[in-house]
1. Can you name the residue in segment 212-249 that is farther than 18 Å from Ala150 by Cβ and touching a helix residue (DSSP H, G or I) at 6+ places or on another chain (Cβ under 6 Å) and, of all such residues, is surrounded by the fewest Cβ atoms within 10 Å (Cβ to Cβ)?
2. Of all residues in segment 161-173 being open to solvent by less than 10 Å² (accessible area, probe 1.4 Å) and closer than 16 Å to Tyr133 by Cα, which is farthest from the chain's Cα centre (by Cα)?
3. What's the number of the condition Lys215 fails, among (1) modelled with pLDDT of 95 or more; (2) within 16 Å of the ligand (Cβ to nearest atom)?
4. Among (1) over 25 Å from Glu17 (Cβ atoms); (2) of a type in the set (S, T, N, Q); (3) open to solvent by less than 50 Å² (accessible area, probe 1.4 Å), there is one condition Gln209 misses while meeting the rest; what is its number?
5. Could you give me the residue pairs with C-beta distances under 6 Å whose first residue belongs to segment 76-105 and is of a type in the set (Gly, Ala, Ser), whose second residue is part of a strand (DSSP E or B) wherever it lies, and which are 6+ apart or on separate chains?
6. Quick one: which of Val138, Val158 is within 16 Å of the ligand (Cβ to nearest atom), modelled with pLDDT of 95 or more and either within 18 Å of the chain's Cα centre (by Cα) or not in a helix (DSSP H, G or I) (or both)?
7. Identify, by number, the condition in (1) touching a Cys at 6+ places or on another chain (Cβ under 7 Å); (2) within 10 Å of the ligand (Cβ to nearest atom) that Pro247 doesn't meet.
8. Which of the following residues is of a type in the set (S, T, N, Q) and within 16 Å of the ligand (Cβ to nearest atom): Asn118, Asn178?
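The values are calculated or read from the model by the stated rules, or taken from the named source; none is laboratory data. Everything numeric in this text was worked out from a predicted model, so none of it was measured. So basically every Cβ, Gly included, is an ideal-geometry build from the backbone, and we count neighbours across all protein chains shown. Only protein heavy atoms, including side chains, enter the accessible area calculation; ligands, DNA and RNA are left aside. Shrake-Rupley method; radii C 1.70, N 1.55, O 1.52, S 1.80 Å.
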Amino acid sequence: MNDQQLLRYGRHILLNEIGIEGQQRLLDARVLIVGLGGLGSPAALYLAASGVGQLTLCDHDTVDLSNLQRQIIHRTSTVNQPKVASAQAALHEINPEVECIALNVRADAAQLHELVRNVDVVLDCSDNFATRYAVNRVCLALRKPLVSGAAIQFDGQVAVFDFRKADESQRTVSPCYNCLFPEDSLAAELRCATTGVFSPLTGIIGTLQAAEALKLIIGIERGLSGKLLTVNALDMNIMRSSLNKDPACSACGNSGLS
Ligand SMILES: [Zn+2]
């Protein structure tokens with residue numbers, strides 16, 4: 001680290017849990033953020049400010065005026081631009097040291113596999129179940145830690161699935177997203193576009209995702225791994241519960257791929 005970096009990241013380096021070594025891990029790390037909306041915005045801002053070496057941003061959408069109520073990485077001046085280009089410009093302003101790869105695509109399973117293969121941690125900041133299941137399966141197959149987030153109306157949640165740990169028979173120890181919300185369950189999909197979402201809730205959830213991602217990179221084994229944090233922003237009630245691996249899970253269980 002040079003003098004400028006020691007200065008920029010000084011308040012991290014001062015923390016016993018991070019120090020020079022932890023900050024260097026952040027500088028060397030590569031993170032994939034799927035979705036640059038309400039959750040991806042604050043997550044990307046904090047990861048870039050923290051000095052994560054490489055951020056890959058994946059989103060097929062363009063910035064719409066109705067996004068600006070909560071998607072704080074975008075600007076009125078970037079309406080109609082691809083979200084990843086808008087985000088890339090904002091991140092460069094904050095920290096030009098961060099290599100930012102902007103992919104203006106809706107990644108299919110094959111593309112996701114390629115993207116996830118090349119990173120250390122994945123943040124699922126998408127807004128639909130199809131993407132969440134696809135990201136979960138790829139992270140599981142490649143044993144990459146996944147930080148999953150969702151926010152709708154006044155309710156949000158964060159869960160961390162650290163697929164890096166395996167048991168003696170090479171099965172992942174962690175539960176997966178599909179254990180929590182089985183793909184065949186008939187959970188009705190709620191989308192912000194039709195149901196609304198409280199602006200700062202997306203900031204709370206996306207920021208929690210950034211915090212968990214940083215700790216996964218640094219190697220701090222405390223936090224939400226194998227746990228679900230739910231936030232209700234009306235009562236401001238925050239609850240943490242342990243997740244169990246479902247032996248019958250179609251993604252990670254006995255009948256699954258891993
Ligand atoms: Zn599972």
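1. So the residue we want is Lys245.
2. First, the residues of segment 161-173 that are open to solvent by less than 10 Å² (accessible area, probe 1.4 Å): 161, 163, 172.
Subset that is closer than 16 Å to Tyr133 by Cα: 161, 163.
Working: Phe161: 11, Phe163: 14 Å.
Per the stated criteria, the residue is Phe163.
3. Every listed condition holds for Lys215 apart from (2).
4. (1)
5. Ala85/Ala102; Ala87/Leu57; Ala102/Leu57
6. On the way: Val158 fails: within 16 Å of the ligand (Cβ to nearest atom).
Of the residues listed, the single one that is within 16 Å of the ligand (Cβ to nearest atom), modelled with pLDDT of 95 or more and either within 18 Å of the chain's Cα centre (by Cα) or not in a helix (DSSP H, G or I) (or both) is Val138.
7. Unmet for Pro247, out of (1) touching a Cys at 6+ places or on another chain (Cβ under 7 Å); (2) within 10 Å of the ligand (Cβ to nearest atom): (1).
8. Details: Asn118 fails: within 16 Å of the ligand (Cβ to nearest atom).
None of the other options fit; the residue is Asn178.
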